[in-house]
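First the structure, in the form of structure tokens, and then the observations on it.
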Amino acid sequence: MATIFITGGAGFIGSNFVRYWLQNYPDDCVINYDLLTYAGNLASLADVEQDFGERYLFVRGDIGNYELALHLFQQYKPDWVVNFAAESHNSRAIVNPEIFYQTNVLGTQRLLQAARDAKLARFHHISTCEVYGDLALDSDERFYENSPYRPRTPYNASKAAADMAVRAYHETFGLPVTISNCANNYGPYQFPEKLIPYFTIRLLQGQKMPLYKSSHNRREWIHVIDHCRAIESVLLHGQIGETYNIGTGLELDIEAVAELLLQIFELDDSYKTYVEDRPGHDRRYLLDSSKIESQLGWQPQIDFQQGFAETVAWYRQNSAWWQPLLRRLAINEEAWK
Ligand SMILES: NC(=O)c1ccc[n+]([C@@H]2O[C@H](COP(=O)([O-])OP(=O)(O)OC[C@H]3O[C@@H](n4cnc5c(N)ncnc54)[C@H](O)[C@@H]3O)[C@@H](O)[C@H]2O)c1
């Protein structure tokens, strides 16, 4: 019986991971430590509370609150900490970069310090493909775990700095860490400011999808449950001090995502409209994921077409989940004009 301490468990990937772990490890306990920012949503865990209440504990708190984190680490002695908590939306980072450095860099450092002082056995940090910078659309390159970090936006840069802090705590203080850098996730419970839920919910409401003008900029897509399985592999079999890329190799540009949605909704091109790119809009990221595949035996399992259709169906069936979030959509995608 193990205890896993998850930060940011009320967000998109964290809430899927909390559910995944409780379903698959019937003897384990999960502590979900989340500040409940605009992106945190306990409604994403209503079923978890009900089904796994005795093995699940929610604590509201900031990863930057060293005293509270240390107190909880000493009280519960978790076997693993998995740090999902972050400010995660690139567009918001353009309007308010400060909170990104506050949470993603300083918050991570305080959590690392608490883990060090509590002498925890393992700290796993969730990072992103975006730390490596972007690729030209026609490039043959991919990003490897040892590729240089070339972040271009405040969000990317804050995640890159957090990765560096995690490595420094390992190299300097011997904290047992691992890091994973993942491609773009899609799936249920994603805050409706992100591309796929944003476009899907616009169409469900009879509104047009606003595509950035550089609509051929593309992303590598992974279903959130394949990401959860990859984190599980790293927790169980990863080597201390190592970093693992997590991707599928499946790339799709914004135009193709919009086209797929128009097909599913049986709508025509008049439901597309074009808006200015946000500043620093990365063109492309592509990960080489052969390390996690060959060393840990992980492979993505969810077919994109099927996962995408199921995701759209989930948002269609769960308007009660996303409706209340629409009033939290404060970001104006053209605020930088
Ligand atoms: N979404 C993706 O495609 C993607 C891809 C690669 C990596 N990541 C990384 O995965 C992690 C989770 O991403 P997500 O999409 O689920 O994000 P999200 O924005 O949906 O959730 C973030 C969660 O962190 C919480 N949080 C924010 N600040 C906090 C703080 N100071 N203390 C405690 N909790 C705090 C929020 O309340 C929210 O519940 C992030 O670290 C992100 O950088 C995301």
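The values are calculated or read from the model by the stated rules, or taken from the named source; none is laboratory data. Given the structure is predicted, the values throughout are model-derived calculations rather than measurements. Note: ideal-geometry Cβ built from the backbone for every residue, glycine included; neighbour counts use all protein chains shown. For the accessible areas, the whole protein counts, side chains as well, though only heavy atoms, and no ligand, DNA or RNA atoms are used. Shrake-Rupley method; radii C 1.70, N 1.55, O 1.52, S 1.80 Å.
For first residues located in the range 308-319 and surrounded by fewer than 17 Cβ atoms within 10 Å (Cβ to Cβ), partners that are among the polar types (S, T, N, Q) and lie 6+ apart or on another chain with Cβ distances below 8 Å form the pairs ARG316/THR200.
If the condition is being open to solvent by less than 60 Å² (accessible area, probe 1.4 Å) and more than 14 Å from ILE196 (Cα to Cα), then the range 252-269 contributes only LEU267.
When the residues of the range 53-81 are filtered to those that are more than 10 Å from the ligand (Cβ to nearest atom) and buried (at least 19 other Cβ atoms within 10 Å of the Cβ), the one that is nearest to THR153 (Cα to Cα) is VAL81.
Selection within the range 97-127: residues that are closer than 18 Å to GLY9 by Cβ and of a type in the set (Ser, Thr, Tyr). The member of this set that is surrounded by the most Cβ atoms within 10 Å (Cβ to Cβ) is THR108.
Scanning the range 40-57 for residues that are part of a strand (DSSP E or B) and in contact (Cβ under 8 Å) with a residue 40 or more places away in the chain gives no hits.
Within the range 82-96, is even one residue under 26 Å from LYS194 (Cβ atoms), open to solvent by 60 Å² or more (accessible area, probe 1.4 Å) and more than 9 Å from the ligand (Cβ to nearest atom)?
Yes, the range 82-96 contains a residue that is under 26 Å from LYS194 (Cβ atoms), open to solvent by 60 Å² or more (accessible area, probe 1.4 Å) and more than 9 Å from the ligand (Cβ to nearest atom).
Here LEU36 fulfils each of the conditions (1) outside any helix (DSSP H, G or I); (2) on the phi < 0 side of the Ramachandran plot apart from (2).
All told, ALA157 meets the bar of being over 21 Å from PHE17 (Cα atoms), hydrophobic (A, V, I, L, M, F, W, C), within 13 Å of the ligand (Cβ to nearest atom) and out of contact with any helix residue (DSSP H, G or I) (no Cβ under 7 Å at 6 or more places or on another chain).
Condition (residue is among the acidic types (Asp, Glu), open to solvent by 30 Å² or more (accessible area, probe 1.4 Å) and within 16 Å of HIS125 (Cα to Cα)) applied to the range 155-165: is it met by at least one residue?
Scanning the range 155-165, I find no residue that is among the acidic types (Asp, Glu), open to solvent by 30 Å² or more (accessible area, probe 1.4 Å) and within 16 Å of HIS125 (Cα to Cα), so the answer is no.
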